[in-house]
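Right, one structure below, let's go through it.
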Amino acid sequence: VADTGNDTIRKITPGGVVTTLAGSAGSSGTNDGTGSAAGFTFPYGVAVDAAGNVYVADYGNSTTRKITPGGVVTTLAGSARNRGSADGTGSDARFYWPEGVAVDTNGNVYIADTINNTIREITPAGVVTTLAGLAGSSGSADGTGSAAQFNSPEGVAVDTNGIVYVADTYNNTIREITPGGVVTTLAGSPGSFGSADGTASASRFALPAGVALDANGNVY
């Protein structure tokens with residue numbers, strides 16, 4: 001759990017036992033470290049890989065963090081509180097208030113870089129590229145790479161084939177991105193609020209923020 005207001009990452013067992021994996025409640029910060037020695041600032045999104053490593057969209061710090069199962073926190077990409085849109089490796093990359101995070105079977109991390117209106121990809125080595133969208137340009141266009149547009153995307157998920165799904169919050173749509181960066185609109189109609197069920201653009205959403213997948217490829 002990204003316990004946003006407490007600036008902590010919590011763990012809950014199947015039996016409902018809650019512990020704090022990393023961070024210190026009531027103490028925001030930027031520092032790497034183990035357990036309560038690490039600092040977060042309004043963490044929003046979390047994802048976990050097959051080895052039990054947790055990835056965090058550290059919203060207030062504009063960074064992506066990694067936590068080992070033992071609670072050791074490092075900064076995978078970005079520079080704390082230095083906002084921007086630059087691609088690059090590790091601390092050379094920049095994000096702008098990222099909210100969503102997902103990780104694929106190869107350990108690649110996907111970020112909904114919310115204020116930049118982009119979806120970013122981070123390799124296990126910390127190399128950041130922009131998968132789709134154009135920083136500073138909001139819109140609803142489908143297309144490939146920077147020709148596609150998003151409007152404050154908040155949630156991401158990725159399937160076993162590397163297809164990324166996006167809760168495109170202010171477009172009120174759910175988007176799909178191939179590994180090659182081709183963006184299409186899976187459901188909803190840009191700019192049209194509502195709650196209607198239906199197929200593709202006949203359906204309506206109202207500020208969707210989260211997205212998840214099941215083993216059969218259904219999107220929630």
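Identify all residues within the range 62-79 that are over 14 Å from Val127 (Cα atoms), more than 15 Å from the chain's Cα centre (by Cα) and not hydrophobic (A, V, I, L, M, F, W, C); write none if there are none.
Thr68, Pro69, Gly70, Gly71, Thr74, listed by residue number.
What's the number of the only condition in (1) touching a strand residue (DSSP E or B) at 6+ places or on another chain (Cβ under 9 Å); (2) over 24 Å from Val127 (Cα atoms); (3) open to solvent by 60 Å² or more (accessible area, probe 1.4 Å) that Asp7 fails to meet?
(3)
If we keep just the residues of the range 47-71 that are of a type in the set (Gly, Ala, Ser) and under 15 Å from Asp7 (Cα atoms), which is surrounded by the fewest Cβ atoms within 10 Å (Cβ to Cβ)?
Going residue by residue through the range 47-71, those that are of a type in the set (Gly, Ala, Ser) are 47, 50-52, 57, 60, 62, 70-71.
Going one step further and asking which of them are under 15 Å from Asp7 (Cα atoms), we end up with 57, 60, 62, 71.
Values: Ala57: 31, Gly60: 18, Ser62: 24, Gly71: 20.
That would be Gly60.
Test Val101 against the stated conditions and say whether it is modelled with pLDDT of 95 or more, closer than 20 Å to Gly181 by Cβ, open to solvent by less than 20 Å² (accessible area, probe 1.4 Å) and under 15 Å from the mean Cα position of the chain (by Cα). Can you show your working first?
Working: modelled with pLDDT of 95 or more: yes; closer than 20 Å to Gly181 by Cβ: yes; open to solvent by less than 20 Å² (accessible area, probe 1.4 Å): yes; under 15 Å from the mean Cα position of the chain (by Cα): yes.
Judged against the criteria, Val101 is a match.
Enumerate the pairs (first residue in the range 142-162 and in a helix (DSSP H, G or I); second residue anywhere and at pLDDT below 95 and among the acidic types (Asp, Glu)) with beta-carbon separation below 8 Å, excluding pairs fewer than 6 apart on the same chain, so at least 6 apart or on different chains.
none
Give the range 183-220 a look and list any residue that's open to solvent by 60 Å² or more (accessible area, probe 1.4 Å) and part of a strand (DSSP E or B), or say none.
Once the filter is applied, which keeps residues that are open to solvent by 60 Å² or more (accessible area, probe 1.4 Å) and part of a strand (DSSP E or B), the range 183-220 yields Thr184, Leu186, Phe193, Phe205.
The values are calculated or read from the model by the stated rules, or taken from the named source; none is laboratory data. Treat the numbers as computed from the prediction; the structure is a model and nothing was measured. Because the Cβ atoms are built from the backbone with ideal geometry, glycine has one as well, and the counts that use them run over all protein chains shown. Calculation scope for accessible area: heavy atoms of the full protein, side chains included, ligands and nucleic acids excluded. Shrake-Rupley method; radii C 1.70, N 1.55, O 1.52, S 1.80 Å.
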